[in-house]
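These notes concern the structure reproduced below.
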Amino acid sequence: MMSIFAFIRLFILLVGIALLEPGPALAALEPGALAISRPVAVVPQEGEEIDRPAPVLRPARLRIPAIGVDTAVEAVGEDDAGRMGTPTQVENVAWYEPGVAPGEIGNAVMAGHLDRADGKPAVFWALGKLRPGDEILVTDAGGAEYRFQVVQVATYPYDKAPLAEIFGFSLRSRLNLITCRGRWDRKQRTYQERLVVFSEQVTGD
């Protein structure tokens, strides 16, 4: 069960996502394509062979055919305020690297800008048009492709999103996409709502 401290940390991450406010991006893409698999140590019996899964590499590209998204993925962590970083380019998306990678068991999270500083559409402008069953494709740094299918599209007040469901533990391989929605709140300097697209990995033919 998630501790109250872990929950508070996730709350700070989501509420403070800087991409939800138009303006300069705060995160930089780390160079390289390092494997980020998290293998569990297994001691084989004598003469026994272990079938180890292929390592999952950091995601490199995101495609969403239904809304015409085909973009680069930047790995981000947290800024000095403890907020999830943002992509350096508004046409890219940010993947939360301290979490899991798409293709691993758990909730992988990507976020993208809704619009640009001048109000023109950014990468996730049409994210709200997705519907259950739509396909999301992620290609990792080694060229492997992972297919996900949208299972839910939901909108929440900016400070009431289900953080444990978005960032927390899962027994399935999931990919959750986040952007902003609603009116711009000048006082809070953020959009009033958060749009979250929940998807699950599709395996086999």
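A short reminder: the numbers here are calculations on the coordinates, not readings from a lab. Every value quoted in this text rests on a predicted model; they were computed, and no experiment measured them. Counting neighbours? That spans all protein chains shown, and the Cβs are built from the backbone with ideal geometry, glycine included.
Quick notes
- Here ASP118, ASP134 are placed in order of increasing Cβ neighbour count within 10 Å, fewest first, which gives ASP118, ASP134.
- Remark: region 50-185 is approximated by an ellipsoid whose semi-axes, taken from the C-alpha gyration tensor as √(5λ), come to 24, 17, 16 Å, largest first.
- Residue order, fewest to most surrounding Cβ atoms within 10 angstrom, among ASP80, ASP115: ASP80, ASP115
- The shape of region 117-161 can be summarised by an equivalent ellipsoid whose semi-axes, obtained from the alpha carbon gyration tensor, come to 24, 17, 11 Å from longest to shortest.
- Formal net charge of residues neighbouring GLY85 (Cβ-Cβ distance under 10 Å; K, R +1; D, E -1): -3
- ILE105-ILE67 FRET efficiency (beta carbon distance; Förster radius 25 Å; 0.05 resolution): 0.40
- Potential lengthening between LEU171 and LEU137 on full extension [0.36 nm per residue; Cα-Cα distance subtracted]: 10.2 nm
- Its relative contact order, with pairs defined as Cα atoms under 8 Å and 6+ residues apart, puts region 102-167 at 27 percent.
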